[in-house]
1. Looking at (1) assigned to a helix (DSSP H, G or I); (2) surrounded by fewer than 14 Cβ atoms within 10 Å (Cβ to Cβ); (3) at pLDDT below 80, find the lone condition where GLU76 falls short.
2. Say we look at the stretch 7-18 and pick out the residues that are out of contact with any Gly (no Cβ under 9 Å at 6 or more places or on another chain) and either basic (Lys, Arg) or under 19 Å from TYR51 (Cβ atoms) (or both); which of these is most open to solvent (accessible area, probe 1.4 Å)?
3. Could you list all residues from the stretch 21-40 that are modelled with pLDDT of 85 or more and outside any loop (DSSP other than H, G, I, E, B)?
4. With respect to the numbered conditions (1) in contact with a Phe, Trp or Tyr (Cβ under 6 Å, 6 or more places away or on another chain); (2) open to solvent by 70 Å² or more (accessible area, probe 1.4 Å), which one is the sole condition not fulfilled by ARG150?
5. For the stretch 113-134, what are the residues that are out of contact with any helix residue (DSSP H, G or I) (no Cβ under 8 Å at 6 or more places or on another chain) and either open to solvent by less than 70 Å² (accessible area, probe 1.4 Å) or aromatic (Phe, Trp, Tyr) (or both)?
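The values are calculated or read from the model by the stated rules, or taken from the named source; none is laboratory data. A quick note: this is a predicted structure, and the numbers were derived from the prediction, not measured. Every residue, glycine among them, receives a Cβ derived from its backbone with ideal geometry; neighbour counts consider all protein chains shown. Please note that ligands, DNA and RNA were not included when accessible areas were found on the heavy atoms of the full protein model with its side chains. Shrake-Rupley method; radii C 1.70, N 1.55, O 1.52, S 1.80 Å.
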Amino acid sequence: MIDKKQLEKTTCYHCGDECYSGQITSHDHDFCCAGCKTVFEILSENELCDYYQLEQAPGVNQKNKSTLFDFLENEEIERSLLEFSDENHARVTLAIPSIHCSSCIWLLEHLERIDSSVIDSKVNFTQRRVTIHYKSQESNLRKLAELLDRIG
C-alpha cells in the first residue's frame, strides 16, 4: 500500500482538486479519482482533449457520483420528456443548470464524438438547456443522462 505521506501533492488534471502525484494516472496526468481519470480517457479516446485547453481543470469532480437515473426508464416519463420519437430517432431538450463556461458548451455540442448514438446536440446557453437528437435504437434517456453526468 502506498503511504500518502511519501507522495507529492498535486492537482487533478480534470477537476483541479488536490490529489497525490503518481497515485491515479493516465497519459502522464494525475487524477484525484477513477471517475476523473475515466472522463479524461473518454475525451482522449475521442480526440477531444482540446477541451482542457479552453480552461485549466475545467471538469467536474467525479468522486462519490451515484446514478439516480432509473426513473428515466419509465415509459410514461420518457414520453413526457421526448419532443420527438419514432422507430429510429428521438429528440429531447434537457435543463443543464450547471452550464457556466465555454468548455461546457463545447463539450455539450460535441457529444456525437463521445457517443455514436448522438446525432447532434445544440446548446441554448441563456436558457441553460441542451437539445440532443439521438438514435433511439442505440440509446435512451437514462444513457444520455449518465453520459452527461460522467462528463460533468
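1. Answer for GLU76: the failing condition is (3).
2. Looking at the filtered set, the residue picked out is LYS9.
3. THR25, SER26, HIS29, ASP30
4. Checking ARG150 against (1) in contact with a Phe, Trp or Tyr (Cβ under 6 Å, 6 or more places away or on another chain); (2) open to solvent by 70 Å² or more (accessible area, probe 1.4 Å), the one that fails is (1).
5. ASN124, THR131, HIS133
Results for (1) at pLDDT below 90; (2) on the phi > 0 side of the Ramachandran plot; (3) in a strand (DSSP E or B), shown as yes or no for each residue.
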residue: LEU43; (1), (2), (3): yes, no, no
residue: CYS49; (1), (2), (3): yes, no, no
residue: VAL60; (1), (2), (3): yes, no, no
residue: THR93; (1), (2), (3): no, no, yes
residue: PRO97; (1), (2), (3): yes, no, no
residue: SER116; (1), (2), (3): no, no, no
residue: THR131; (1), (2), (3): no, no, yes
